[in-house]
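Quick notes on the structure that follows.
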Amino acid sequence: MSEDINITETTNKHETFTQEEYMVMKSDLLRPIEKIGKAGKIWIAFLITVFLAGVFAYYVQETRGKYTTISLRDYTMWGIYISNFLFMVAIGLVGVLMSAILKLTHFEWYRPLSRIAEVIAIGAILFAGISIVVAMGRPDRLFNLILYGRIQSPIIWDVIGISTDLVASLILLFIPLIPSLITCRNNLKNLPKWQLKMYNFLSFGWQGTPEQWKILKKTMRILTILLIPLGILICTITAWLFATTLRPEWDSTNFGAYFVSNGFLLSAAVMILATFIFRKAYNLEKYLTEMHFDKLGQALVLMALIHGYFNINEYLIPAYKMSSLHENHLLSLFIGKDALFYWSVVIFGIIVPFLLPLFPKMRKPIPLTIISVIVLIAGWFRLYLIVIPGLLQPYLPIQDVPESWKHYFPSLVEITIVTATFAGLLLIVTVFSRLFPIISVWEVAEGELEGKEEITNYK
Amino acid sequence: MILLSITTSLAQDKEAKITLTFDKADSLYVCKALVTSEGIPVSEVPVNLSVKRLFGNLPIGEAIATDSTGVAAFEVPLDIPSKNGKLTIIATIVDDENYINTETSGIVNWGMVIVSDNSNVEDRSISAARDKAPIYFITVSLLIIGLIWGTLIYAVLQVFKIKRLGRVDKIEEFKITN
């Protein structure tokens, strides 16, 4: 008898997705746009303040001259601006991982995550480009890159790649947004007029006809397929900025894979952090469920393993050979002045995300978020360890220079500007989530309607 | 003890003068340095010879001590790159116990004239200028960029197609035909 009841329960549970459930979902997901509480306003004000502090710091840097305000010198001509750029490009892979790869491999739990991932990716790529411009000695010569750039230069490849990735991510964010915009316009009548007008304009005459759905789905599919090689290509090109040099630390064939695997690791971590924040801030526990954290934790273990593999390839084999070219740099990383730094990064950046989320208890929202924050911080410092010690060990040894040129520590102006790029990224994500639904309503509804096995049978 | 140090310090104050002469002796450049002190040639004084380069001096051989006539003879190699066909030879006495440090230099028409081989300036190569990139490189790059941007432009055009299909008359047309 009880078996009969169980059978009917499981077959009926997601066969129909009632209109009521849909209305509840819509109101849940549209609520952040309608209402903004005090905490939300304070958060946005805080982010704007930090961002403006960075703008002011940039003004100081440009007007007072770079020699006095920042610590970049002849040898360390790239400082934390460039390691921040690398971090942002690595995070920019979150769109590839969460939105594209999961979608195409039919992991249905991507559905609530894809728009969050796309927005973070766009913000990250944007601030990656801004980090570069901030680091330029003569930003007024920015257009010379386009006017006089050589196609044989890795820097030009990077410029082309970053701008292409930005445009592609914007289009891939925008196209699935079109049906959601009509939902917003129809359901949120109390918003300011400019906002409703914006929804109308951006929705491009969407009526929800079968023809339009067909075109939308086809275009989304093509772009999703394009985004995977494009994102990986962008991260690899960024790695080639370093690997095409002869410096001991950067003269490695492994760099492309190392950076891409680092990007995937940091993407998984940033996705966990963003999911937790949106879950708590907008009360979206029903959509960003514990299942998502479980799966994201498993993804984190996988990415940590892959990155650990490339890390071993990057460091163990040159250490085995210990050629005189690499000797100084490797020894300083393993047992010298950067040793504490390096080993902390390895432990907290690779071993912690590999070991801890293996336990189911660690894949609960709060522990997993703490682990992902640790991974992100270690990841930022991992990229610092690639850039700065590499610059301090050039191909021709440093000789006959002032002592201050042999060390680097970021100045206050640099730290302010880098913090401002983080604030800008968070600002873009926050403002987007206040204007547009951060979870794609129609994609989640589609998932519910089709009653995917893995979501219904999750233990 | 005090007497000895006074003698030493007095001895260090002697000035020495070096005179350079240049000669070519059967396929060798020979430079002779005559060291005199107060007009008298002095012997057993080590002289260093070097050639002036862009950022410093290139030492030629070891320090040679002057013989009984006060002359130190150096052999200068034939294949030192010269500047406009001339070399600046510098002779020095450094850290000698009897004489203070002196230096003399002279310019001589020795050395190899370096002719740069610029035959491959106009070639296409990966290290060349913007307009001389290798053809395969240009084609492959433009192909990849074109494919990717072409797809993106196609996606944007599809959005406009959505807009066109959303016009009411199109929907009516769809309803009539189906």
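Since every read-out is calculated from the coordinates, none of them should be taken as a lab result. Predicted model, so just to flag it, every value in this text is computed and none were measured. When we count neighbours, we look across all protein chains shown, and the Cβ atoms used for this are built from the backbone with ideal geometry, even at glycine.
When the P(r) is computed for the protein assembly as shown, the part past 33 Å accounts for 61% of the Cα-Cα pairs.
Using the empirical formula 2.2 N^0.38 Å as the baseline, the Cα radius of gyration of the range A:169-214 reaches a ratio of 1.17.
Hey, what angle do you get for helix B:2-12 against the long axis of chain B, alpha-carbon based, 0 to 90 degrees rounded to 10? Helix B:2-12 sits roughly 60 degrees off the main axis of chain B. Summary value for the range B:39-100: 39 percent relative contact order, contacts being C-alpha pairs under 8 angstrom separated by 6+ residues. Summing charges over all other residues whose Cβ lies under 14 Å from the Cβ of A:Pro365, with Lys and Arg as +1 and Asp and Glu as -1, gives +4. At R0 = 35 Å, how high is the FRET efficiency between A:Lys66 and B:Asn84 if r is their beta carbon distance? Nearest 0.05 is fine. The formula returns an efficiency of 0.35 here. In the protein assembly as shown, taking the dipole from charged Cβ atoms about the Cα centre, the farthest positive-side position among A:Gly129, A:Thr18, B:Ser116 is held by A:Thr18.
Computed from label points 7 Å out along Cα-Cβ, the spacing between A:Ile225 and B:Glu75 is 7.6 nm. Among the chymotrypsin sites (Phe, Trp or Tyr not before Pro) within the range A:365-450, those in coil by DSSP and having at most 12 neighbouring Cβ atoms inside 10 Å are A:Tyr395. Hydrophobic, long helices, defined as DSSP H runs whose alpha-carbon span along the helix axis is 20 Å or greater and whose mean Kyte-Doolittle value is at least -1.0, occur in chain A at A:19-34, A:38-64, A:114-135, A:154-187, A:210-243, A:255-281, A:290-321, A:365-391, A:412-435.
Bridging of B:Lys175 to aspartates and glutamates at a Cα separation below 14 Å is possible for A:Glu211, once same-chain residues fewer than 8 apart are set aside. Taking the Cα centre of the protein assembly as shown as origin and assigning +1 to Lys and Arg Cβ atoms and -1 to Asp and Glu Cβ atoms, the resulting dipole is close to 3220 debye. The residue list B:Ser68, A:Ser433, A:Phe107 was ranked by how far each Cα lies along the charge dipole of the protein assembly as shown toward its positive end, using unit charges on Cβ atoms, and A:Ser433 comes out on top. Relative to the globular-protein estimate of 2.2 N^0.38 Å, the Cα radius of gyration of the range A:60-130 stands at 1.58.
Between the listed residues A:Gly263, A:Ile178, B:Ser50, the Cα displaced farthest toward the positive end of the dipole of the protein assembly as shown, a dipole computed from Cβ unit charges relative to the Cα centre, is found at A:Ile178.
Each distinct pair of alpha carbons in the range B:2-108 adds a 1/r term; the inverse of their mean, the Kirkwood radius, is 14.7 Å. Averaging the sequence gap over all C-alpha pairs within less than 8 Å and six or more residues apart, then dividing by the number of residues, gives the range A:34-451 a relative contact order of 32 percent.
Pairs to check: A:Lys41/B:Lys163; A:Lys38/A:Lys280; A:Lys41/A:Lys295; A:Lys406/B:Lys83. Give those whose C-alpha atoms are more than 26 Å from each other in this structure. Where the Cα-Cα span goes over 26 Å, the pairs concerned are A:Lys41/B:Lys163; A:Lys41/A:Lys295; A:Lys406/B:Lys83.
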